[in-house]
């Protein structure tokens, strides 16, 4: 882990320097093809940097932040679009934070507007994250028990919660760091996806909202505009949805390659293409019914979450288990726990020695 931490620091120092270069490029190079050509070396570098890391948590987080989010934001920035172009007078520190962290800063207009109920639900308290952190810790602690004695499908359900909790906490920590640096209010990344009432609700409004926000201007809207000119507005939504899920599939395949360094089996692609097709069918069905029929909320939530989990067991989890993501992740937890224990033991031992010396010194007086 020591070598991995050193590599992690080197990778992120390189990323920070590269993003500062992009900040300068934005000031000196006009938008469009010239700025794109100037930024392209950084895009390729960010595709290469995660290969220097092999751990599940540090490597997975870095690949998501740099190879996906930062690269997509930089491609938008080349044409003066996206979150990096929202404020031309932004400071270098804020530019770097927005570029490499999964955050979206609320505009002044958004901050002044009264929040709707969904937004209020999206803003989570420290207690909320503390409870979820405790649940995650209990899952980690009980890992050896439930993997040996519980049925495989039940273990996969716990893995689903593990992935969700881990992602939400990591993204919340990243947002908190950005908030501490920039002092601005940030938009939430998750909004209780287990309460989703439809696939549209799950993927568009509740699950990993930063990815949704970055795929919309980079893929969804350009495909929607192009398809509108070909097939008309009524049907343009379908290729836009499928195109968005196809790009998401490719990026997930890339992140899984960073994690496992195995040849893709395209199960992840099948997972996202299937969900894209089902979401497109769901949108078409809603338009056909025009609000005439609606399932009870509890039923639609059960069907939606059940569909996501069942298809995940079938297509999403096998690649993860193939490169032993679960085993490696819990080994990393154990390594961190051992490190904290050793540091705590050394601190306690030093405290006892100092206290003993102080007692001996005072007794002599």
Requested in this report: Give the shape of the range 191-322 as rounded, prolate or oblate, defined through the alpha-carbon gyration tensor: a ≥ b ≥ c are the square roots of its eigenvalues, a/c under 1.5 means rounded, and otherwise the shape is prolate if a/b is larger than b/c and oblate if not.
Outcome: oblate
Query - Separation between Cα centres of the range 287-336 and the range 188-224, rounded to whole Å - result: 15
**Report entry** Computed FRET value (nearest 0.05) for residue 307 with residue 28, which takes r as the C-beta separation and R₀ as 56 Å
**Finding:** 0.70
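A short reminder: the numbers here are calculations on the coordinates, not readings from a lab. Note that the structure is predicted; figures quoted are calculated from it, not measured. Note that each Cβ is placed from the backbone with ideal geometry, even for glycine, and that neighbours are counted across all protein chains shown.
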